[in-house]
Structures are given as C-alpha cells and as structure tokens.
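Before any comments, here is the structure.
The values are calculated or read from the model by the stated rules, or taken from the named source; none is laboratory data. Since the structure is predicted, the reported quantities are computational estimates derived from the model, not experimental observations. In this analysis, Cβ positions are derived from the backbone assuming ideal geometry, glycine residues included, and neighbour counts consider all displayed protein chains.
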Amino acid sequence: MIPQGVAGASHSGLQRRREVGLVAGLMLLSASAGAGEWTFTPRTASTVTLTDNVLLSARNPQPDLVTQFTPGFLLRGDGARLNASANVALTRLIYLENSRFDRNLPQMDLLGRAILLPQWLEAEAAFNRGVQMFAPAGAPMQTSLANVTGNVAEVSSFRAGPTLRRRFADLGELLLTYRYSVTEAQPGEPLPGTAPVGVGLSVTDNLWDGRFTTGDFLPQLPLVFSHQLRESTFVDGGTDRLRTTSVQGSYPLTRQLRLNGTYGVDQNQFRNQGFGAIDGPFWQTGATWTPNQRLNLTFGYGRRFFGDNYSLDFSWTRRRFAFRAGYTEFASTFSSRQEDVRFVPTTDPFGNPIIDPLAGASPLVIFNRAGLIQDVAIQRRLMVDLRFEHRLDTVLVSVSSDQMEAITRNRQTNQAMRLANVIWRRQLSPQASVGVSTLYMNSELLGLGREPNTMVSLGPDFSYQFSARLAANVNYRYTDSSGGGLGLLQFTENRLVGVLNYSFF
C-alpha cells in the first residue's frame, strides 16, 4: 500500500495555507461585488442510504441507515472586467446504528478573475475544498460517502497568478502564464484501530508556461512554439522539475486529410531518480482523415527517446448509432505512470465536478508518488464506445483495457485494468426515466504479485423531475468485489439510495 504518515509533518503549515487560500478567494469576491450582475441560488439535497455493509467488510458486515443533508448555495457575479463565483455546500452524515461515524464534510469552490489591462494582462485566483475517493494503484473502489472505510480524503487547493496575452497583428499571439498553487489532501477518519486508506500530501507547484501561435501569415502551416517548466515540491522536501520545449504544426494536404507533427525535448529531474528517468528528444507524426461529417480517422507514430509510440482513433456516426474506438501503444516509465495514480474523480452534492486547477481543469488530484523503480515499460490502451438511440431508449456500451508490461529489470511491476460498462435508459415521460447499469472491473494492482481483483456492480434506478426546482432519484446497487489479496478489496454490498434535490430559485 501507499506509505502513510506524511500528512502530519507540517499540519500547522498546511492549515495556514488553507486559510490564506480561503481569504484570498473571499477578497476576490469582495473586490468584484460592485461589478456587473449577481445571482444567488440557495439549494439543498437530501440522501437516504440503506446498506447491509456500511464498512465494506468481508468478515463483519454491518447494516445501517445513513441520512445525508447538504444545504448550500451558488453565487455568481459577472462584470466587464471582473467576475467571480462561489459554490458552497455543507454535507452532514448521520448514522442510525453507528452514531460515532457522524461527520461533516464541507465543500466549496471560490473563483475570481480580473482583466487588469484589456488585451494585455489578466489574473485569477481560486480556492477549492472538496471530498474525493482514494483509488489504490488506480483501481476505483465502488464506494459512496455513506460507506465508512477511511477511503475519503479532504482535498484543498489554491492557485493564483497572472496571464500575459498579446497579439501581434498577422504575426501571431504570445501567451505567458505563471501559476503558484498548493494542493493538500488529508486522509479521512479511519475505523477505530485501523489505518486510513488515503495518503496525506502537500505539494506546492510553480508553473511557468509560454507559447507562441503563428497567425495569418502562415495560413496553411500554423505552428505552436511552447516551453513549460513545472516545479513540484512535496511535504518531504523533495522536488520534481519537469521541463518541456516543443513545436507543433499541421498542414492540410487536402480538404479531407490533414498532416500533423510534433518535435520537442524533455529535461526532467525526479527526486526519486531511477532507471528509466531519461531526458532527451521526442517526436510524433500523424494525420487526420475526415471524408465526411460522420467519419473521422486519426493515426500517429512517434518515438520518445526510449521507445516507439503508436496511436489510432476511429469514430463513426449514422442516425441512431455512434461508434468510437481507439488504441495507443507507447513506451513509458513507471515514474510517469505514477503521475496517473490519482484520486477518483467525483462531484459535489449538486452534480458539479470538483475541479483541481493543478490537473489542467480535470477533476483529478495528484498525490505524493510512492517512489517505485522507474522501469521502462510498454503501455497499451484500448477503448471502444458504442451509443444506440431508438425512440425513447438509449443504450451505452463502453469497454476499455489498460496494460503496462515492464521490458527491463523489474517484471513484478506489471499491471492491468479492464473495464466494461453497460447502461440502458428509457424515457417514460418528459418528467420520468428509468435505467439499468452494469459495471465489470478486473485489475492487477501495481507490484502486489497477487491474484487479480474482480468487481461487479449492477442495479436499476428511477428519476423524476417534479418541477424546474425539485428532482428525485431512487437507485439500488449490488456490488461484489473479490480477489486481489487485500481485505479492503473483498466485500459484498446491497445499497438502496434515495435522493431529493431542491433549488429555491
């Protein structure tokens, strides 16, 4: 498992940073209070969960009735040069049979943007505090906030910095960005006598990004020159420096066929330097073929200083059908793979994604890497999606496979993840819909050398929209997880959930 104990090293410092981030966000909101129009929308959500295994235990399942109350509000302000938003919610979990697990989970997103010099300089600051689910070695655990597993982490992030943007007539556009950011994650409270599953972290990032995009003087061959430097300092004092310089270009050979290419150089310094962490040039070439609006084919080939890369993406739509398939095969290191081992994406109680600014507006949060041997490996990813619509019915089928095979010295670090998801939904009326979803997952966890973990989760749900303000959902879920050699991945659960959402305006 991931090493524990790094979270408490500088708790007071983490708390001060969190307060600074919160105050900065509130100051931005106050600064834009007199600009433009403001909207205030109070909301509330109530969820009742009946489960026969609230602890997700293989040997001692305990039933419980969990009530979740989530009052909150959304505040927005838009002006000519200032805009801001605040999304705040407070979740209260109440356990009927195990009151010692009662807890509060505050969540908030504060964002402020200002145009300091029109067409020249702008700045932004944001603060986020949310709840996310931990995924051991990238394998998502099918848990909810009602489950008490120590699997929940409280994540806070703060970012601030300026952006310089300037267009030079037909020559092109220059974009210079600096972002200072801090991300902190504290493990959720564990069960009595057990250790938390999540890992505590503090990572401070300094990101410098510069890019120049050519303008109309090269209409047939647009180019993008870029240079990025990212320094990440972790709670243990170690620092990673990732530096990339590249140029990208594309050329329309015909109306249907466009060629593209990339050339660049990596200069990386990892605090856990090991085999496979190599600097050097990389290149990629490929093409996109679009003979009509229904068909698209993209393929590419390249090399990244320790192996070849292949990619293929195919999409086709026709009336009721939509089909997409993709395959990539590329050389990687376990150093870069660890960047993908993250917290599972989640949303707030109102369905809004919890966005982490450090991950490029993606609802993912990085965590302190475990320092595994950085072997070179071949990574293969296959993805197939199918969507079919017929009158009131919609069927979604998604299948994916992600395999990583070491080609150097430590072959015990091989891993694989296979997912299959099938969803059927029928619109009964303009207000009501019913559906059934099934998830199958098979994973071989990184470096554990044990039998694969297999998880099956399925169940129906029913949704009804009473009005523009009031909506309800009832769903049942059966989950069976086995294998893996880890107790936290071996359990069965029957879960019945009722959700009621209300917006006051």
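Can you find a residue in the range 157-168 that is closer than 19 Å to Arg495 by Cβ and either modelled with pLDDT under 80 or in a strand (DSSP E or B) (or both)?
Within the range 157-168, the first condition is being closer than 19 Å to Arg495 by Cβ, and the residues that meet it are none.
Scanning the range 157-168 turns up no residue that is closer than 19 Å to Arg495 by Cβ and either modelled with pLDDT under 80 or in a strand (DSSP E or B) (or both).
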**Report entry** Output for the range 469-491, where each listed residue is at pLDDT 90 or above and not charged (D, E, K, R)
**Finding:** Leu470, Ala471, Ala472, Asn473, Val474, Asn475, Tyr476, Tyr478, Thr479
Query raised in the report: If Val152 satisfies every condition in (1) modelled with pLDDT of 70 or more; (2) within 19 Å of Val66 (Cβ to Cβ) but one, which is the exception?
Result: (1)
**Report entry** Answer residue from the range 365-407, given it is in contact with a strand residue (DSSP E or B) (Cβ under 9 Å, 6 or more places away or on another chain) and among the small types (Gly, Ala, Ser) and is modelled with the highest pLDDT among those
**Finding:** Ser398
Report task. Out of the residues in the range 18-69 that are modelled with pLDDT under 60 and part of a loop (DSSP other than H, G, I, E, B), state the one that is surrounded by the most Cβ atoms within 10 Å (Cβ to Cβ). Result -> Ser32
Query raised in the report: Does Ala322 qualify as being modelled with pLDDT of 80 or more and surrounded by 16 or more Cβ atoms within 10 Å (Cβ to Cβ)?
Result: yes
